[in-house]
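Colleague: Sharing a structure, written as structure tokens. Questions coming.
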Amino acid sequence: MFKDQGQEGAVREEERGDTAVRGSVAGAKTSGVTSVSRPEKDLIEYVRARADETSATELQAVEGWAYASVYHLILDVGRLFTPAPLPASLSRGYPGFCFSNAAATCQEQPGVELAYVEGFGSTPVDGHGTVHAPHGWASTPAGDTVDPTWPYRDGLAYLGIPFANPDDWPHPLLGGGLLVESRTLIPILRHGLHPGQVAPLGRCLSTLIGDVSIGIDDETKC
């Protein structure tokens, strides 16, 4: 269990390293980022626009559910994570397998406390602008990304939910996205998330740009 002590689309592979992943939560500090970048604003607007496109028929079909769609869920519970280079001690996973890559990275780092995060990411694609897509990555205790799938570059943005309990994470070899697979997404949309399921990581949307949530009011929010 991740301790509460503080707060895909395939793209071109690119070797990029940094220092080793920071260790435990106990001594962690936040990354210090208190603003919202232009790519982050664009990603938030993309998610908000998709939520606004939910039709009356779709809303009626999920009447009584905690969330009408994954976009509503992310706006209510999601947090921003700060892009960072992949540490030199880690290897990239296979393109197109971000969810299992991220889960494997979290589970294969003894002595390093990483949390699995899933939601939406934005990445520049050479000659094709920016792609917004469902994505999975890992987070350090400071809220910095450890992304074993997408190369680090300017223009990245990450908005997602940090799942605290490893039992909830995708299988490190065959796992699909928790917010993509119907068998895991539908129960979350229907019932919401329990406070213990969300790790206290990342930057809360409401404290950065005001209240953007359009879901239920519960303790899973920042």
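The values are calculated or read from the model by the stated rules, or taken from the named source; none is laboratory data. Since we're looking at a predicted model, the values are computed, not measured. Ideal geometry is used to build each Cβ from the backbone, glycine not excepted, and the neighbour counts take in all protein chains shown. The area values use the complete protein model at the heavy-atom level, side chains included, leaving out ligands, DNA and RNA. Shrake-Rupley method; radii C 1.70, N 1.55, O 1.52, S 1.80 Å.
Colleague: Got a sec? What order do Arg79, Arg48, Arg190, Arg153 fall in by accessible area at 1.4 Å, biggest, i.e. largest, first?
Modeller: Numbers: Arg79 10, Arg48 70, Arg190 105, Arg153 35 Å².
Most to least solvent-accessible, the answer reads Arg190, Arg48, Arg153, Arg79.
Colleague: Any idea of the accessible area per residue across the range 87-196, 1.4 Å probe, to the nearest Å²?
Modeller: Dividing the accessible area of the range 87-196 by its residue count gives 40 Å².
Colleague: For the range 178-211 and the range 128-158, what is the separation of their Cα centres, given in Å?
Modeller: Centre-to-centre distance over Cα atoms comes out at 18 Å.
Colleague: Could you quote the convex hull projected area for the range 51-145, Cα atoms only and averaged over all directions, in nm²?
Modeller: Seen from a random direction, the Cα hull of the range 51-145 projects 8.3 nm² on average.
Colleague: Leaving ligands, DNA and RNA out of it, rank Val125, Val117 by accessible area with a 1.4 Å probe, largest first.
Modeller: Val125, Val117
Colleague: Right, next: Quickly rank 56-64, 155-163 as a protection proxy: mean count of other C-beta atoms within 10 Å, highest first.
Modeller: Ranking, from highest mean packing down: 155-163, 56-64.
Colleague: Remind me, relative contact order of the range 102-179 in percent, using alpha carbon pairs under 8 angstrom and six or more residues apart?
Modeller: So the answer I get is 37 percent.
Colleague: Leaving ligands, DNA and RNA out of it, work out the accessible area of Glu118 with a 1.4 Å probe and give it in Å² to the nearest 10.
Modeller: We get 0 Å² for Glu118.
Colleague: To continue, here is another question. Counting only protein heavy atoms, what percent of the accessible surface of the range 146-208 is carbon or sulfur at a 1.4 Å probe?
Modeller: So the carbon and sulfur contribution to the accessible surface is 53 percent.
Colleague: Let me ask something else. Among 139-145, 95-101, 172-178, how do they line up from the highest to the lowest mean number of other beta-carbon atoms within 10 Å?
Modeller: Working: 139-145: 24.9, 95-101: 22.0, 172-178: 16.4.
The packing order, highest mean first, is 139-145, 95-101, 172-178.
Colleague: Using 0.36 nm per residue, how much length does the chain from Asp168 to Lys41 gain when fully extended, once their Cα-Cα distance is taken away?
Modeller: Stretched out fully, the Asp168 to Lys41 stretch lengthens by 42.8 nm.
Colleague: Using Cα-only point scatterers and the Debye equation, what is log10 of I(q)/I(0) for the range 120-169 at each q in 0.32 Å⁻¹, rounded to two decimals?
Modeller: -1.43
Colleague: Report the relative contact order of the range 45-117, percent, no decimals, based on alpha-carbon pairs under 8 angstrom and at least 6 residues apart. Write out the running numbers ahead of the final one.
Modeller: Numbers: 26 pairs, mean separation 15.1, N = 73.
Relative CO of the range 45-117 lands at 21 percent.
Colleague: On to the next question. For the range 44-150, build the charge dipole from Cβ charges (+1 Lys, Arg; -1 Asp, Glu) around the Cα centre, then report which of Tyr94, Val47, Ala68 sits farthest towards its positive end.
Modeller: Among Tyr94, Val47, Ala68, the one farthest towards the positive end of the dipole of the range 44-150 is Tyr94.
Colleague: Place a +1 charge on the Cβ of each Lys and Arg in the range 53-195 and a -1 charge on the Cβ of each Asp and Glu, then give the dipole magnitude about the Cα centre in debye, rounded to the nearest 20.
Modeller: Computed about the Cα centre, the dipole is about 120 debye.
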